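Inspection log for the structure reproduced underneath, given as structure tokens.
The numbers here are math on the coordinates, done by the rules we state, and not lab data. Note that the coordinates shown come from a computational prediction; the quantities given were computed from them, not determined experimentally. All Cβ positions, glycine included, derive from the backbone under ideal geometry; neighbour counts span all protein chains shown.
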Amino acid sequence: MNTVPGPHGDRLLGNLRAFRNRPLQLLLQCRCEYGDVVKLRLGPFSVYLVFNPQDIVRVFDDKSFGRSDFSALFEPLAGGSMIIADGEQWLRQRHRVAPAFNKNRLAMLAPQIHKNAVEIVEQWETEQQAGHLIDVQEAMVGYAMKVITHFLFGSGLDNKMLVAVAKAWSMSLKSMNYRMSEALPLPLWVPTRNNRHLRSAANEISKIILDIIAQQRKTPDDSGSFLSTLLHNRDQDSELKDQEILHEIMGIFLAGFDTVAIAMVWTLYYLARYPDIQTQVRQEMLTTLKETKEGHLGFANLPYFDNVFSEAIRLRPPLWLVDRKSSTETELGGYHIPPNSNIILSPYVTHRDSRFWDNPAVFNPARFEHTEEREKYAYFPFGGGHMRCIGIGLTKLEAQIIIGEILKRYRIELSALHPVEIDCLFVLRSKEGLWMRLTHLNY
Ligand code: HEM
């Protein structure tokens, strides 16, 4: 079989510098110049980029593909959690956390999520009246933090504790993002400035979470939170240890906070860019709101908004890379792939491949009306196969509630003073925030 093509890059670092400085351009260029399967050297590691849905199906749906070596990057924050576990251990952990994502359980969180959403948009009132612009990215991050802490710990946490969790987690994520942007992250035991920050931030957040676990062992919270689910869990007939619970909580924090915040940010960005689409979403939401007795959109059926949300994360998938490792020798796209190869899939690239999408650069929610015609895994913002994202239900609940509250009150426009530039960190965020002008609708 032929050798897998790919850019040579630097003799020592391979393509590491380009991957660090302009990753999206590098990935698009690889697809364009070398085809559907590309070999990339990143310092001491070689990875295979796989772009074609026909090969992606094999990677996702064949269980011989497991966690890649890159998941070790998350070790400092999510070590021991399901998001970096593999094989039998992963399966046990996935079963352990799954009940917390049950739709009925999530629906119990809706009133509190709605309260958080109303608080955020009401805080905008004074700013809006003073003619100030609003950084919607900062607001969505704040909202997602409130939602995830409520999902994880229930309603029993006092405000002081919530602030402490939010602060410690933001510090941890900042150091983690920095670590991921380093050309060659040194092992955590090397006392670089960032490693020391990351270790101390991870210790701080772990301490706070262990305190919460201890508190809730004494005084159980029965609001159906993730923590209460794990406290009731009897894994192989023995209670989970505090450390095991801590690890799962850290994993969910990492996977389910920034991702959803950023998905809402890009959805609002496109709604602001396309006023007609915004009007149509508002109409659908207002009509549906009138019919719901809960006073919020929760899990309401909103087909047009679903399409808009899907299209927003087609063009801006919060997680722009999904990784796997082949445990056996395999063949992808006509190339031989040796065992233990790290594979990278990029929704960012496959979602804009003109073989699978008409006019891929155009924002067109209507393309999601006919999903049956689409090739499997031409679209995978939530990954795929057995390790597919577990948080899709919570994402829907969270996004519908706040976007409903925003559009009910305001018309949103992008600020001409703040150009939007993508920053490729753990998630695909906007570099300088997302600044918007709001106009009151007075409904
Ligand atoms: C728009 C929001 C989100 C996006 C785009 C997203 C995306 C992803 C992706 C791409 C994966 C990797 C799947 C794979 O390897 O095949 C993943 C996994 C995961 N996500 Fe999400 N996610 C989102 C929201 C959430 C939320 C809200 C939670 C939980 C509160 C969550 C929890 C997880 C977990 C636990 C995994 C690991 C699953 C496993 O390994 O079995 N995600 N997500």
- prompt: Rounded, prolate or oblate: which one fits the stretch 86-218, using the alpha carbon gyration tensor with axes a ≥ b ≥ c (rounded when a/c is under 1.5, else prolate when a/b beats b/c, else oblate)?
  reply: oblate
task: Could you give the size of the charge dipole of the chain about its Cα centre, using +1 on the Cβ of each K and R and -1 on the Cβ of each D and E, expressed in debye and rounded to the nearest 20?
output: 640 debye
statement: Contour minus Cα-Cα span, residue 174 to residue 417, at 0.36 nm per residue, comes to 84.9 nm
message: Cross-link candidates for residue 241: which aspartates and glutamates have Cα within less than 17 Å, leaving aside residues fewer than 8 places away along the same chain?
response: 211
- request: Which order do the peptides 12-19, 268-275, 367-374 take when ranked by the mean count of other beta-carbon atoms within 10 Å per residue, highest first?
  value: 268-275, 12-19, 367-374
- prompt: For the stretch 31-67 and the stretch 365-388, what is the separation of their Cα centres, given in Å?
  reply: 18 Å
query: Which percent, nearest 5, of DSSP beta bridges in the chain are antiparallel?
result: 90 percent
task: Quick one: net charge around residue 384, please, counting Lys, Arg +1 and Asp, Glu -1 for every other residue with C-beta under 9 Å from its C-beta.
output: +1
message: How far apart, in nanometres, would the label points at residue 91 and residue 11 be if each is projected 7 angstrom from Cα along the Cα-to-Cβ direction?
response: 4.9 nm
- prompt: What list do you get for 435, 169, 90 if you sort them by fewest beta carbons within 10 Å?
  reply: 90, 435, 169
When each of 103/376; 146/174; 293/408; 146/396 is checked by Cα-Cα distance, pairs over 20 Å: 103/376
query: With charges set only on the Cβ (+1 for Lys and Arg, -1 for Asp and Glu), what does the dipole of the stretch 266-328 come to about its Cα centre, in debye to the nearest 20?
result: 240 debye
query: Using the Cα gyration tensor of the stretch 365-443, with a ≥ b ≥ c the square roots of its eigenvalues, what is the shape: rounded (a/c below 1.5), prolate (a/b larger than b/c) or oblate (neither)?
result: prolate
statement: Taking Lys and Arg as +1 and Asp and Glu as -1, residues besides residue 275 with C-beta under 12 Å from its C-beta add up to +1
Cβ-based exposure ranking for 108, 264, in which fewest neighbours within 10 Å come first: 108, 264
statement: Scoring the stretch 16-440 by relative contact order with C-alpha pairs under 8 Å, at least six apart, yields a percentage of 27 percent
field: Rounded if a/c under 1.5, otherwise prolate or oblate - the chain, Cα gyration tensor axes
entry: oblate
task: Identify, among 208, 197, 28, the residue whose Cα sits farthest towards the positive end of the charge dipole of the chain, taking +1 on the Cβ of Lys and Arg and -1 on the Cβ of Asp and Glu, with the dipole about the Cα centre.
output: 197
Given charges at beta-carbon only (K, R positive; D, E negative), |dipole| of the stretch 1-57 in Debye: 280 debye
